[in-house]
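The structure appears right after this line, and notes come after that.
The values are calculated or read from the model by the stated rules, or taken from the named source; none is laboratory data. Only a predicted model underlies this, so the values are computations on that prediction, with no experimental measurement involved. Here Cβ is always computed from backbone atoms with ideal geometry, including for glycine, and neighbour counts include all displayed protein chains.
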Amino acid sequence: MVGNKKVMSFTLILMIIGFMLAIQFHSVKQPEVRDTRDTWQLREDLKKEMELQSNLIKEIRSNETKISEYEHSRKQGREQTLRKTLEELKEEAGLTEVTGPGVKLVISRIDEALVLENVEATLSPDLLRRLLNELNMYGAKHVSIGGQRVINTTVIREIAGEAKINGRSLRAFPLEVLVVTEDFQSAKELYNRMIVSKAVEEFFIDNLQVKVQQPEMKISVPAYEDAIRIRNIESVKADKGGS
């Protein structure tokens with residue numbers, strides 16, 4: 001009996017020692033895998049975040065570039081629009097030379113053999129104004145008389161028995177009246193109107209004749225030479241609140 005107890009005790013001790021060795025061996029063989037896996041996962045997450053941040057920065061820079069280009073383009077567009085508007089206003093005011101389809105009229109003295117009395121040919125400002133009114137009525141957009149551009153403030157009058165336009169004398173004959181119209185069709189219509197114009201016929205009273213030449217594709221009207229003076233104009237005062 002005593003011998004069996006010793007064998008059982010010894011066996012139990014060996015089992016305990018074996019169990020402890022097994023636990024220790026298992027602990028050494030399988031290290032803490034979870035910690036290692038978490039570290040690599042953090043690295044991957046960090047890498048992804050850095051790539052995302054890099055892509056966001058690239059996108060932000062790309063958008064900033066686009067915005068800058070858009071602002072530059074819009075600024076240039078405004079400048080071009082203002083420049084174009086200014087050119088249009090200058091053209092309408094007569095400050096630029098204009099070339100386009102139109103008609104040329106030539107005012108000259110009548111052949112002396114056709115004149116019944118020895119009367120000097122004189123240009124009447126009234127007849128010239130009437131001729132100008134008919135030209136405007138029949139489609140003239142830009143007109144010059146004797147090399148002088150006709151604008152809204154142009155004055156045709158007689159000074160010391162001599163017709164003048166913009167302060168320049170109109171005594172040199174033949175005298176050219178250049179007219180620019182909207183298009184060639186308008187030039188042809190103007191020509192057809194003027195060859196039967198009563199205003200043209202009445203120049204015979206002053207021993208002058210007006211020849212209306214065939215329409216041309218390119219008639220050049222010179223720019224107004226003098227400075228345009230604006231009078232009796234005041235700046236508008238803004239109301240309270242900037243309106």
Name the single residue, out of those in the stretch 155-165 being crowded, with 18+ Cβ neighbours inside 10 Å and either assigned to a loop (DSSP other than H, G, I, E, B) or not β-branched (V, I, T) (or both), that is farthest from the chain's Cα centre (by Cα).
-> A163
Criterion (surrounded by fewer than 16 Cβ atoms within 10 Å (Cβ to Cβ), modelled with pLDDT under 90 and touching a Gly at 6+ places or on another chain (Cβ under 8 Å)) met by exactly one of R168, R229 | R168
Filter pass, E32 being modelled with pLDDT under 75 and not assigned by TED's automatic domain parsing to the domain that holds N152 = yes
Select from the stretch 128-151 the residues that are over 30 Å from the mean Cα position of the chain (by Cα) and among the aliphatic types (A, V, I, L, M) and list them in ascending order.
-> L128, L131, L132, L135, M137, I145
Modelled with pLDDT under 75 and either under 60 Å from the mean Cα position of the chain (by Cα) or of a type in the set (D, E, K, R) (or both), is that true of D45?
-> no
Enumerate the pairs (first residue in the stretch 74-102 and under 13 Å from A223 (Cβ atoms) and modelled with pLDDT of 75 or more; second residue anywhere and assigned to a helix (DSSP H, G or I) and of a type outside the set (A, V, I, L, M, F, W, C)) with beta-carbon separation below 7 Å, excluding pairs fewer than 6 apart on the same chain, so at least 6 apart or on different chains.
-> T96/K90; V98/E91
Those residues of the stretch 104-130 which are of a type outside the set (A, V, I, L, M) and modelled with pLDDT under 60 amount to E112, E117, N118
Complete set of residues in the stretch 166-184 that are under 14 Å from L135 (Cα atoms) and not in a strand (DSSP E or B) = T181, E182
With respect to the numbered conditions (1) among the β-branched types (V, I, T); (2) within 20 Å of K104 (Cβ to Cβ); (3) at pLDDT below 90, which one is the sole condition not fulfilled by V210?
-> (3)
Which condition breaks for E201 when tested against (1) modelled with pLDDT under 95; (2) touching a Lys or Arg at 6+ places or on another chain (Cβ under 9 Å); (3) not in a loop (DSSP other than H, G, I, E, B)?
-> (2)
Does any residue of the stretch 63-72 turn out to be modelled with pLDDT of 75 or more, touching a strand residue (DSSP E or B) at 6+ places or on another chain (Cβ under 7 Å) and hydroxyl-bearing (S, T, Y)?
-> no
Go over the candidates S27, S9 one by one and state the one that is modelled with pLDDT under 65, surrounded by 10 or more Cβ atoms within 10 Å (Cβ to Cβ), in a helix (DSSP H, G or I) and small (G, A, S).
-> S27
